[in-house]
1. Given (1) part of a loop (DSSP other than H, G, I, E, B); (2) surrounded by 15 or more Cβ atoms within 10 Å (Cβ to Cβ); (3) modelled with pLDDT of 95 or more, where does GLY172 come up short, assuming only one miss?
2. Collect the residues in the range 204-233 that are hydrophobic (A, V, I, L, M, F, W, C), in contact (Cβ under 8 Å) with a residue 12 or more places away in the chain and buried (at least 16 other Cβ atoms within 10 Å of the Cβ), keeping them in residue-number order.
3. Could you tell me whether VAL78 is among the hydrophobic types (A, V, I, L, M, F, W, C), surrounded by 24 or more Cβ atoms within 10 Å (Cβ to Cβ), in contact (Cβ under 8 Å) with a residue 12 or more places away in the chain and in a strand (DSSP E or B)?
4. Can you tell me which condition ILE48 does not meet? The list is (1) surrounded by 21 or more Cβ atoms within 10 Å (Cβ to Cβ); (2) in contact (Cβ under 8 Å) with a residue 60 or more places away in the chain; (3) closer than 30 Å to PRO161 by Cβ, and all the others hold.
5. Is there a residue in the range 141-163 that is farther than 15 Å from VAL180 by Cα, over 22 Å from the mean Cα position of the chain (by Cα) and free of Cβ contacts under 8 Å to residues at least 40 places away in the same chain?
6. Within the range 186-203, which residues are more than 15 Å from the chain's Cα centre (by Cα) and either in contact (Cβ under 8 Å) with a residue 40 or more places away in the chain or under 19 Å from CYS259 (Cβ atoms) (or both)?
7. Given the criteria within 22 Å of the chain's Cα centre (by Cα) and open to solvent by 30 Å² or more (accessible area, probe 1.4 Å), does ARG19 qualify?
8. From the list LEU66, LEU35, LEU23, exactly one residue is under 18 Å from THR268 (Cα atoms) and in a strand (DSSP E or B). Which is it?
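The values are calculated or read from the model by the stated rules, or taken from the named source; none is laboratory data. Keep in mind it's a predicted model, so treat the numbers as computed, not measured. Please note: Cβ atoms are built from the backbone with ideal geometry, for glycine as well, and neighbour counts cover all protein chains shown. To get the accessible areas, we keep the full protein, side chains included, count just its heavy atoms, and leave off ligands, DNA and RNA. Shrake-Rupley method; radii C 1.70, N 1.55, O 1.52, S 1.80 Å.
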Amino acid sequence: MSSNGKTEHQLHTVTPLIRSMVLSNLLTDCKSVYLKMENCQAPGSFKIRGFGRLCQKLKEEGCQHLVVASSGNTGLAVACASQAIGIPCTVFVPENSPPVSAERIRQTGAKVVTKGADFRASVDLAEQEAKKPGVSYVSPMDPEVWEGHSTVVDELVTQLPEKPSVIVAAVGDGGLLTGVLKGLERVGWKDVPVIAMETIGADCFNLSVKAKKMVVLDKITSIATGLGNSAVNPHLLEIMPQFNIISEVVTDAEAVTSCIKFADDEYTIVEPSCGASLATVYCGLLTKLHAEGKLPHLKSRPAVIIVCGGRSVSLSLLQEWAKQFNVSFPATQE
């Protein structure tokens, strides 16, 4: 049921939680590593949780046409949601987005407008379009989005054998992290450490944590376009002191290396934004944090990595990135 008592049709999937034997063996000082496979959502990422919820709310309020600005996964989630609830959708895609992103959004039946030099310009265009009668802008800053994302924690409560020692999540605009924190509060897990992962060049949250104030990036220099936001939502910075958040960054090369190794180990392709989270195992970050005393229960309780997924990736792109950063492709040789 929605908060107003109306029945909602759940657009997201209850995703698998799998124990990774490979990652558990790599992380010898951890009891086990579990993967929350959000890449199994219909649009390929967790975003359908929050944006599906918001799209339904907007329809209930009389919206006849959805508009959104996105360089990839948000647009795909909104496009899939609009198809499911039966209203049209227009996605404004910045000109610097990967062509594969726009094409995958277009395949859902949504109208794609590739216009605007960058994401901010596309947002301006989408907000202008939303001034028309019956048209609503789908904002990533709407609390309904965070509430939808929080359902990932509700599932972890029923799927995990015990309380986790740590949860790892990638940070773009902070929507997933905000949702995870709200979920942890609801289920009584506020003490569980959450490692917030970014890549250098898309690290607005990490810089904000260090500065103890909002930091806005002049431009995104990382290839992890899924993390490509110039700033995180202000609400995240307001609530983070109530939780145990550990902000970390990795290089693009480390994220790509982790994506390639993950493809070898788990037969799954994910974006570098997800690779940033996987790097906590592949690049030894969880081991380092445990040695520093920041993850005291790592040996006695399972670790969870949210495999946020993403569709702006392909084998050919992984190979291009491998060449760019001088990373082995494939990661292992027979």
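1. Result: GLY172 passes all but (3).
2. Of everything in the range 204-233, those that are hydrophobic (A, V, I, L, M, F, W, C), in contact (Cβ under 8 Å) with a residue 12 or more places away in the chain and buried (at least 16 other Cβ atoms within 10 Å of the Cβ) turn out to be CYS204, PHE205, VAL209, VAL215, LEU217, ILE220, ILE223, ALA224, LEU227, ALA231, VAL232.
3. no
4. Single failed check for ILE48: (2).
5. Scanning the range 141-163, I find no residue that is farther than 15 Å from VAL180 by Cα, over 22 Å from the mean Cα position of the chain (by Cα) and free of Cβ contacts under 8 Å to residues at least 40 places away in the same chain, so the answer is no.
6. LYS190, ASP191, VAL192, PRO193, ILE200, GLY201 - these are the residues of the range 186-203 that are more than 15 Å from the chain's Cα centre (by Cα) and either in contact (Cβ under 8 Å) with a residue 40 or more places away in the chain or under 19 Å from CYS259 (Cβ atoms) (or both).
7. Answer is yes for this residue.
8. So the residue among LEU66, LEU35, LEU23 that is under 18 Å from THR268 (Cα atoms) and in a strand (DSSP E or B) is LEU35.
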